[in-house]
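Here is the structure we will look at.
The values are calculated or read from the model by the stated rules, or taken from the named source; none is laboratory data. Not measured: the values here are computed from a predicted model. No Cβ is skipped: glycine too gets one built from the backbone with ideal geometry, and neighbour counts run over all protein chains shown. Ligands, DNA and RNA are stripped out before the accessible areas are found, and what is left, the full protein with its side chains, is counted by its heavy atoms. Shrake-Rupley method; radii C 1.70, N 1.55, O 1.52, S 1.80 Å.
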Amino acid sequence: MSYMRGDLLTRTRKLVKGLAKPAPRWLKAMEEAPPVTFPRTDGKIKKIELPEDVYVKRFFKKHPDSLYHDAIKISGFDPPPARVFAWRVLELKAEGVSEDDAMAVADMEYRTEKKAKKKAYKELKEIARSEGKRPPPNPYPSAIKEIQAEEKKYVNDRFNNPKIIEIANKMKEERDQLLQDRGAPGQWQ
């Protein structure tokens, strides 16, 4: 009876009252002690909003390049820079600092941290080069380079996998055939 509206008790009552169904044994007991009814939701799911969300949005407006570095990494333990920024602003506001000053301080801290990481990476690269070793991965890589690194195996696969080459050749043949059919005389275009 999942397709019917209302609960089992009211539906069964109506069917018994209308003589469409004989009264089941459990109906009398269920009428004396009806099951608990839970209030229904209106179907709208409220969006979860955290107090720092306002500052996260402001951070992204100020630093749009950070959007790519701020992806939620399920296996990571470090919070994204935008959240750290927002938490710092809230922490400073709780201490009594004005909102503008708190944002300025948090922004300055973010920039100095980013510069320090870039400087440390630069020094690590120089040390690795002097020792003749391979440099460590960049802590702030370009978002485009990250995406390209993830897709590199698929790009190489496109040129080396015989199944994919066969599919590509079929697609080319179909396209060429379609272009020939369009250019055939006597057809309406």
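Numbers at a glance
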| item | result |
| --- | --- |
| Residue check for Gly96: of a type outside the set (A, V, I, L, M), in a loop (DSSP other than H, G, I, E, B) and open to solvent by less than 50 Å² (accessible area, probe 1.4 Å) | no |
| Where a residue in region 144-162 is in contact (Cβ under 8 Å) with a residue 60 or more places away in the chain and assigned by the TED database to the domain that holds Asp65 and its partner, wherever it lies, is outside any helix (DSSP H, G or I) and surrounded by 10 or more Cβ atoms within 10 Å (Cβ to Cβ), with Cβ under 8 Å and at least six apart | none |
| Failed item in (1) surrounded by 11 or more Cβ atoms within 10 Å (Cβ to Cβ); (2) under 30 Å from Val54 (Cα atoms), with Met108 passing the rest | (1) |
| Index of the failed condition, Ala120 passing every other in (1) of a type in the set (A, V, I, L, M, F, W, C); (2) modelled with pLDDT of 80 or more; (3) open to solvent by 70 Å² or more (accessible area, probe 1.4 Å) | (3) |
| Qualifying residues in region 74-113 (those that are over 19 Å from the mean Cα position of the chain (by Cα) and acidic (Asp, Glu)) - the one nearest to Pro64 (Cα to Cα) | Asp107 |
